[in-house]
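Working notes for the structure below.
The values are calculated or read from the model by the stated rules, or taken from the named source; none is laboratory data. Only a predicted model underlies this, so the values are computations on that prediction, with no experimental measurement involved. Quick reminder, even Gly has a Cβ in these numbers, built from the backbone with ideal geometry, and neighbours come from all protein chains shown. All accessible areas refer to the heavy atoms of the entire protein, side chains included, with ligands and DNA or RNA removed. Shrake-Rupley method; radii C 1.70, N 1.55, O 1.52, S 1.80 Å.
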Amino acid sequence: MRPKEPAVYILASRRNGALYVGVTSDLPGRVSIHKQDLVAGFTKRYGVHVLVYYEYLPSMQEAIAREKTLKKVSRAQKMALIEARNPEWADLYPEIADWGT
């Protein structure tokens, strides 16, 4: 079992496409659920499956606060945040996935 690691993340449907901001204590598991469309909702409806940004935080309270902040900022600010770390909008899932667990 993976240890709890609070994280905030942004998924995209494609470069400059639909964006989704979320928070979780199990980033690899949560992104996997989004990618497999296991839960009905925004990410399934709009095909938002590409992990383009994430940050781990020290506590779940801080992760929730960061998520609220990111949800309030403009789309342009979210895109700037993504492009500062991930200018190609590559899927970052392979760098956080626990393959074989």
List pairs: first in segment 78-101 and among the basic types (Lys, Arg), second at pLDDT below 95, Cβ under 9 Å, 6+ apart or cross-chain?
-> none
Can you tell me which residue within segment 52-101, out of those that are basic (Lys, Arg) and in contact with a Phe, Trp or Tyr (Cβ under 9 Å, 6 or more places away or on another chain), is nearest to residue 18 (Cα to Cα)?
-> 78
Would you please name the residue that is least open to solvent (accessible area, probe 1.4 Å), looking only at residues in segment 34-91 that are among the acidic types (Asp, Glu) and more than 19 Å from residue 24 (Cβ to Cβ)?
-> 83
Please list, ordered by first then second residue, the pairs with beta carbon atoms under 9 Å, 6 or more apart or interchain, first in segment 31-56 and touching a residue at least 60 places away in the same chain (Cβ under 8 Å), second open to solvent by 50 Å² or more (accessible area, probe 1.4 Å) and assigned to a loop (DSSP other than H, G, I, E, B).
-> 32/38
